[in-house]
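J.: I am attaching a structure below and will ask some questions about it afterwards.
The values are calculated or read from the model by the stated rules, or taken from the named source; none is laboratory data. All figures in this text were calculated on a predicted structure; none of them were measured in a lab. Cβ atoms come from the backbone with ideal geometry, glycine included; neighbour counts cover every protein chain shown.
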2 protein chains.
Amino acid sequence: MFEIAELGHKVKKSEYEIKEPELRTGLLFAQDALKEADFPVLILISGVDGAGKGDVINQLNAWFDPHYVRAYAFDTPSDEERERPRYWRFWRALPPKRQIGLYVGSWYSQPISDRVGGHIDDADLERALVRVNTFEEALVKDGALIIKFWLHLSEAAQRQRTKELEANPATRWRVTTLDKKHLKQYDKFKRVAEQTLRSTSTGDAPWIIVEATDVRYRNLTVGQHILERITARLQQSAETPPPSTHLRPIAAPEAGERVSVLGNLDLSQQLAKPHYKKQLAKYQGRLGELARQAREHKVSSIVVLEGWDAAGKGGLIRRIIPALDARGYQIIPIAAPTDEERAHHYLWRFWRHIPRGGNVTIYDRSWYGRVLVERIEGFARPDEWMRAYSEINHFEELLTEHGIALLKFWLHIDKDEQLKRFHEREQTPFKQYKITADDYRNRDKWDAYEQAVNDMIERTSTAYAPWHLIEANDKYFARVKALHLYSERLAAALR
Amino acid sequence: MFEIAELGHKVKKSEYEIKEPELRTGLLFAQDALKEADFPVLILISGVDGAGKGDVINQLNAWFDPHYVRAYAFDTPSDEERERPRYWRFWRALPPKRQIGLYVGSWYSQPISDRVGGHIDDADLERALVRVNTFEEALVKDGALIIKFWLHLSEAAQRQRTKELEANPATRWRVTTLDKKHLKQYDKFKRVAEQTLRSTSTGDAPWIIVEATDVRYRNLTVGQHILERITARLQQSAETPPPSTHLRPIAAPEAGERVSVLGNLDLSQQLAKPHYKKQLAKYQGRLGELARQAREHKVSSIVVLEGWDAAGKGGLIRRIIPALDARGYQIIPIAAPTDEERAHHYLWRFWRHIPRGGNVTIYDRSWYGRVLVERIEGFARPDEWMRAYSEINHFEELLTEHGIALLKFWLHIDKDEQLKRFHEREQTPFKQYKITADDYRNRDKWDAYEQAVNDMIERTSTAYAPWHLIEANDKYFARVKALHLYSERLAAALR
């Protein structure tokens with residue numbers, strides 16, 4: 001795999017001096033055009049030690065207009081990072097649309113060094129690389145251009161480079177003891193690199209191997225390839241209409257035939273007030289005790305609340321929070337995204353609020369908006385919301401794998417109950433703000449929403465993150481059921 | 001001080017049931033009006049243990065429309081927080097304009113508990129409280145409404161409350177061993193609280209002491225006071241024109257009379273090319289070595305680059321970065337703020353990028369925009385940019401106190417040199433993007449800018465963060481001088 005990068009490619013100084021200014025001008029024009037486009041560019045610089053990964057980043061920082069470039073690096077994870085799912089740190093370090101992110105160190109660093117160090121075996125490495133592919137795929141599908149370079153040096157060249165750096169007082173500081181250790185592991189590192197590159201060189205995000213022995217060749221090759229890729233992508237965006245996907249929206253079967261999960265719920269279930277009061281106190285107490293333990297053991301939880309308008313999400317939240325430590329929870333109501341949020345993948349704004357160890361985030365509506373309101377209102381294209389099911393499943397897998405107790409509630413009421421509640425809200429001064437013309441408009445689309453909810457439950461109720469359907473025509477019943485489920489889930493997580 | 005909060009205030013259930021819905025409606029209307037205003041509201045809930053700080057937060061979370069409220073809590077600082085100046089964590093937890101931030105635990109928690117625990121003495125406490133006042137003043141001057149509650153219980157009432165909580169299985173989990181320890185320290189805590197409240201009850205952000213024995217009285221009092229304060233503030237914003245400050249812009253003395261720092265620079269200083277090459281290599285090597293040590297010892301640095309258009313900021317950055325570890329620096333070019341940034345105090349966007357321990361942030365233009373371009377172009381009102389000098393000095397004091405090496409460079413060229421460079425840029429393809437009509441417009445305002453720069457240097461060159469004026473008509477000379485100064489500063493920080 002690396003043979004072609006050991007042939008001794010070189011660029012003469014005279015040639016470089018002609019080509020470099022051209023390239024630099026080209027990169028600046030491409031960057032300028034990028035400002036009008038709607039995708040981000042991620043440039044990963046990986047490779048063997050001594051190949052000059054940092055120098056390449058510095059060179060790119062110098063070539064590009066720094067106003068639209070940002071370099072990201074990943075050192076040892078901070079405790080804020082360790083207390084969250086592994087990919088949190090990568091999600092927080094993504095360039096917004098129209099900008100360029102430069103990565104020295106990336107989601108590849110840990111798997112490779114874990115394997116070279118012998119902390120994981122080949123199978124673990126493959127599993128980690130599947131994660132990497134899924135992550136990159138989500139970004140690429142969202143429009144991101146990912147350009148991955150692997151800077152290669154032959155073993156002899158690596159030794160030579162290290163010697164040169166050491167001999168020069170201006171660069172001696174760069175040769176650390178760690179590098180020397182790596183030098184000894186050259187073969188092992190090469191083998192792991194090969195496996196990694198093979199498994200992650202996808203059509204959407206292929207690896208480019210660059211011989212790094214000659215600095216001018218290395219920099220010019222990297223720069224030119226970036227220029228080509230950005231130019232091609234800009235061309236393509238200009239030409240292509242929004243991708244007509246081969247996926248077709250799910251066809252709704254004839255009315256009456258379909259046995260829907262929602263249709264099967266028994267909405268007549270209820271709880272009398274005195275009974276409710278007792279049960280509520282009981283489960284709040286239990287939840288409070290479990291939440292305290294969870295806080296102690298750094299077990300986080302995430303509560304996702306979805307449901308019809310007026311189904312009682314707010315009321316349920318008000319019954320949950322008395323059981324929580326006010327220092328440890330956040331309620332995140334999902335409304336219109338800010339412009340920073342809009343400039344990222346739609347999951348980015350949810351990653352932002354993933355709780356630290358032991359804390360709780362309550363999402364009042366959530367990422368499921370992608371397959372509900374965005375689907376119905378056409379804010380997302382069919383290919384976008386259709387692929388969201390698997391993206392969401394993957395996202396939730398990362399959360400639960402990290403040990404987060406993830407609770408997903410769908411609060412279900414019927415159409416009549418909703419109308420009754422709308423009218424009640426209109427009568428109650430402190431509830432009036434909750435009811436707008438939008439609510440009636442959404443109500444008119446009840447059937448389309450019902451279809452979307454059924455699809456959502458069918459496709460995203462997983463073993464690790466099942467949907468809990470809450471019969472909510474009776475608020476008392478709904479609240480107690482949800483509190484009970486939350487307690488059970490926490491108890492299980494603490495076992 | 002607390003006598004009035006030990007009188008046994010109570011609200012009868014019947015009274016509460018009439019007043020609570022009124023209050024709730026009022027709060028929602030106020031919150032609605034706030035959406036059209038342009039200031040944030042900060043509500044701090046502090047007080048003795050057992051007084052129900054968390055309950056009050058939960059109650060406010062329930063009363064308000066959760067879409068525009070966010071609760072912030074501060075536990076033990078994370079390592080990301082510890083590696084940055086103390087106030088970083090508070091700056092990252094500020095509500096944007098038009099929203100409400102609820103604080104359980106705040107910038108008061110640590111000073112109070114440090115004093116009660118005997119880790120600091122009275123004088124240290126006072127110093128910490130001066131910091132608190134400066135912080136709150138900056139927010140208030142920027143328009144923030146800060147409402148601070150102190151929930152008080154008499155010693156007997158505190159004991160009683162703890163017993164009640166313990167007796168009830170639903171709330172027993174709340175009584176921690178820590179609380180019991182605090183119970184024993186009641187007197188000491190009360191004394192420290194009194195000192196704290198006295199020193200920080202300012203006209204702009206007074207403390208409201210609330211007797212917390214009766215839950216209904218406590219909640220109603222807090223709610224009503226919040227309603228009054230927000231309403232009054234909305235009223236005031238509607239009535240008052242932008243504050244006509246008693247500060248007057250600095251009067252420029254007669255031309256020719258003023259001896260300006262800039263005028264005294266000898267711009268004829270230069271460095272011949274062969275000499276430059278040697279010196280550059282020398283100082284890059286030295287800086288590289290020192291930067292590596294700084295990284296090891298977690299000494300961060302911040303480089304602020306200001307200067308005339310075309311003074312060579314970009315070129316200097318390109319000469320600094322080869323000496324830095326690509327994993328450890330960020331270049332932050334200051335352009336138009338995002339909407340999230342615009343919704344905060346102007347220093348917020350700079351706090352965002354304060355480096356972690358051992359890292360480097362290079363600001364390509366900076367917070368000094370407030371007293372330069374914003375002053376000249378009228379983007380900031382005179383009272384705003386005039387108070388910015390002391391806000392900036394305070395900000396930089398926090399940075400340097402934390403051990404950050406802060407370097408502030410003003411790259412100085414004369415008007416002729418600038419014009420020459422503008423013309424050069426227009427001829428060079430990869431520099432054309434740097435030159436726009438704006439540059440010529442700014443050039444027309446040279447004298448006004450010169451005045452602003454002189455004022456800036458006069459008022460913000462402090463012992464802990466001096467301005468370095470770099471004679472930059474000769475780029476070689478300028479780069480070597482700046483690299484040299486940066487090395488010296490790092491060397492001093494590492495001693």
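J.: Considering the range A:8-26 alone, what residues qualify as being closer than 16 Å to A:THR221 by Cβ, within 14 Å of another protein chain (Cβ to nearest Cβ) and β-branched (Val, Ile, Thr)?
T.: The answer is A:ILE18, and nothing else.
J.: I'd like to verify a number: residues in the range A:40-55 that are at pLDDT 95 or above and outside any strand (DSSP E or B), how many?
T.: Matching residues across the range A:40-55 total 1.
J.: Would you mind telling me which numbered condition in (1) of a type outside the set (Ser, Thr, Tyr); (2) touching a residue at least 12 places away in the same chain (Cβ under 8 Å); (3) in contact with a His (Cβ under 9 Å, 6 or more places away or on another chain); (4) within 8 Å of chain B (Cβ to nearest Cβ) A:LEU265 fails?
T.: Unmet condition: (4).
J.: Looking at the structure I just gave you, is A:ARG318 modelled with pLDDT under 95, among the charged types (D, E, K, R) and over 28 Å from the mean Cα position of the chain (by Cα)?
T.: Answer is yes for this residue.
J.: Would you please name the residue that is farthest from the chain's Cα centre (by Cα), looking only at residues in the range B:65-88 that are part of a loop (DSSP other than H, G, I, E, B) and in contact (Cβ under 8 Å) with a residue 40 or more places away in the chain?
T.: Among those that are part of a loop (DSSP other than H, G, I, E, B) and in contact (Cβ under 8 Å) with a residue 40 or more places away in the chain, it is B:GLU83.
J.: So which pairs qualify, if the first residue must be in the range A:407-428 and assigned by TED's automatic domain parsing to the domain that holds A:LEU287, the second must be of a type in the set (Val, Ile, Thr), the Cβ gap must be under 6 Å, and the two must be at least 6 apart or on different chains?
T.: Once the first residue is assigned by TED's automatic domain parsing to the domain that holds A:LEU287 and sits in the range A:407-428, its partners that are of a type in the set (Val, Ile, Thr) give A:LEU407/A:VAL303; A:LYS408/A:VAL304; A:PHE409/A:ILE470; A:LEU411/A:ILE470; A:PHE422/A:ILE435; A:ARG425/A:ILE435; A:GLU426/A:ILE435.
J.: Also: B:ARG370 passes all but one of (1) basic (Lys, Arg); (2) under 27 Å from B:ASN133 (Cα atoms); (3) within 14 Å of another protein chain (Cβ to nearest Cβ); which number fails?
T.: Unmet condition: (3).
J.: Further, regarding this structure: Of all residues in the range A:170-214, which are within 14 Å of another protein chain (Cβ to nearest Cβ) and of a type outside the set (Phe, Trp, Tyr)?
T.: Result: A:ALA170, A:THR171, A:ARG172, A:ARG174, A:VAL175, A:THR176, A:THR177, A:LEU178, A:ASP179.
J.: Look at B:THR361 and say whether it is β-branched (Val, Ile, Thr), in contact with a strand residue (DSSP E or B) (Cβ under 6 Å, 6 or more places away or on another chain) and within 14 Å of another protein chain (Cβ to nearest Cβ). First the steps, then the outcome.
T.: On the way: β-branched (Val, Ile, Thr): yes; in contact with a strand residue (DSSP E or B) (Cβ under 6 Å, 6 or more places away or on another chain): yes; within 14 Å of another protein chain (Cβ to nearest Cβ): yes.
Yes.
J.: So B:LEU102 clears everything in (1) touching a Leu at 6+ places or on another chain (Cβ under 7 Å); (2) among the aliphatic types (A, V, I, L, M); (3) surrounded by fewer than 18 Cβ atoms within 10 Å (Cβ to Cβ) except one condition, right? Which one?
T.: (3)
J.: I'd like to know if the range B:112-128 contains one or more residues that are within 14 Å of chain A (Cβ to nearest Cβ) and touching a strand residue (DSSP E or B) at 6+ places or on another chain (Cβ under 6 Å).
T.: no
J.: Residue check: is B:GLY117 modelled with pLDDT of 95 or more and either more than 15 Å from the chain's Cα centre (by Cα) or not assigned by TED's automatic domain parsing to the domain that holds B:THR196 (or both)? Break it down stepwise before answering.
T.: Working: modelled with pLDDT of 95 or more: no; either more than 15 Å from the chain's Cα centre (by Cα) or not assigned by TED's automatic domain parsing to the domain that holds B:THR196 (or both): yes.
It is false that B:GLY117 is modelled with pLDDT of 95 or more and either more than 15 Å from the chain's Cα centre (by Cα) or not assigned by TED's automatic domain parsing to the domain that holds B:THR196 (or both).
J.: It is to be established whether one or more residues within the range B:462-484 are over 23 Å from B:TYR283 (Cα atoms), among the hydroxyl-bearing types (Ser, Thr, Tyr), modelled with pLDDT under 95 and surrounded by 16 or more Cβ atoms within 10 Å (Cβ to Cβ).
T.: no
J.: If B:ARG327 passes every condition in (1) modelled with pLDDT under 90; (2) within 24 Å of B:ASP38 (Cα to Cα) but one, which one does it miss?
T.: (2)
J.: Of the residues A:ARG459, A:ARG425, which single one is surrounded by 15 or more Cβ atoms within 10 Å (Cβ to Cβ) and either among the small types (Gly, Ala, Ser) or at pLDDT below 90 (or both)?
T.: On the way: A:ARG459 fails: either among the small types (Gly, Ala, Ser) or at pLDDT below 90 (or both).
Only one candidate passes the filter, namely A:ARG425.
J.: A further question follows. Examine the range A:46-64 for a residue that is of a type in the set (Lys, Arg) and free of Cβ contacts under 8 Å to residues at least 60 places away in the same chain, and state whether such a residue exists.
T.: Looking for residues that are of a type in the set (Lys, Arg) and free of Cβ contacts under 8 Å to residues at least 60 places away in the same chain, one finds none in the range A:46-64, hence no.
J.: Of these, B:GLY118, B:GLY105, which one is at positive phi and touching a Phe, Trp or Tyr at 6+ places or on another chain (Cβ under 9 Å)?
T.: None of the other options fit; the residue is B:GLY105.
J.: Please verify whether the range A:27-40 includes one or more residues that are at the interface with chain B (Cβ under 10 Å from one of its Cβ atoms) and in contact with a Gly (Cβ under 8 Å, 6 or more places away or on another chain). If you could, list the steps in order and put the result at the bottom.
T.: Within the range A:27-40, the subset at the interface with chain B (Cβ under 10 Å from one of its Cβ atoms) is A:27-29, A:31-32.
Within this subset, residues satisfying the condition of being in contact with a Gly (Cβ under 8 Å, 6 or more places away or on another chain) are A:27.
Yes, there is a match, as at least one residue in the range A:27-40 is at the interface with chain B (Cβ under 10 Å from one of its Cβ atoms) and in contact with a Gly (Cβ under 8 Å, 6 or more places away or on another chain).
J.: Follow-up question, since we're still on this one. For the range B:304-317, check the following and say yes or no: at least one residue is in contact with a Gly (Cβ under 8 Å, 6 or more places away or on another chain), more than 8 Å from chain A (Cβ to nearest Cβ) and of a type in the set (A, V, I, L, M, F, W, C).
T.: no
Rundown of residues vs (1) surrounded by 20 or more Cβ atoms within 10 Å (Cβ to Cβ); (2) of a type outside the set (Gly, Ala, Ser); (3) in the same structural domain as A:TRP207 (by TED's automatic domain parsing); (4) over 30 Å from A:ASP124 (Cβ atoms), yes/no style:
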position	(1), (2), (3), (4)
A:LYS13	no, yes, yes, yes
A:PRO21	no, yes, yes, yes
A:GLY26	yes, no, yes, yes
A:VAL48	yes, yes, yes, no
A:ASP65	no, yes, yes, yes
A:ALA73	yes, no, yes, no
A:TRP88	yes, yes, yes, no
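J.: Another question, then. What's the total number of residues in the range B:131-177 that are free of Cβ contacts under 8 Å to residues at least 12 places away in the same chain, in a helix (DSSP H, G or I) and β-branched (Val, Ile, Thr)?
T.: 1
J.: Go over the candidates B:ASP447, B:ASP438 one by one and state the one that is more than 14 Å from chain A (Cβ to nearest Cβ), of a type in the set (D, E, K, R), without any contact (Cβ under 8 Å) to a residue 12 or more places away in the chain and exposed (fewer than 13 other Cβ atoms within 10 Å of the Cβ). Before the answer, list the steps.
T.: On the way: B:ASP438 fails: more than 14 Å from chain A (Cβ to nearest Cβ).
When all the criteria are applied, what remains is B:ASP447.
J.: Still on this structure, I have one more. Filtering the range B:142-194 down to residues that are out of contact with any Lys or Arg (no Cβ under 8 Å at 6 or more places or on another chain) and of a type in the set (Gly, Ala, Ser), which residue is farthest from B:TRP207 (Cα to Cα)?
T.: Filtering the range B:142-194 for residues that are out of contact with any Lys or Arg (no Cβ under 8 Å at 6 or more places or on another chain) and of a type in the set (Gly, Ala, Ser), the one farthest from B:TRP207 (Cα to Cα) comes out as B:ALA167.
J.: Quick one: which helices (runs of 4 or more DSSP H) lie wholly within the range A:403-486 and hold at least 3 residues that are more than 34 Å from the chain's Cα centre (by Cα)?
T.: Result: A:415-427.
J.: Does A:TRP207 count as crowded, with 16+ Cβ neighbours inside 10 Å and under 31 Å from the mean Cα position of the chain (by Cα)?
T.: Here the answer is yes, as A:TRP207 does meet what is asked.
J.: Scan the range B:268-311 for residues that are more than 24 Å from B:ALA491 (Cβ to Cβ) and part of a loop (DSSP other than H, G, I, E, B) and jot them down.
T.: B:SER268, B:GLN270, B:ALA272, B:TRP308, B:ASP309, B:ALA310, B:ALA311
J.: Now for a separate question. Just need a number here: residues in the range A:326-341 that are touching a residue at least 40 places away in the same chain (Cβ under 8 Å) and more than 7 Å from every other protein chain (Cβ to nearest Cβ).
T.: Going through the range A:326-341 one residue at a time, the tally reaches 0.
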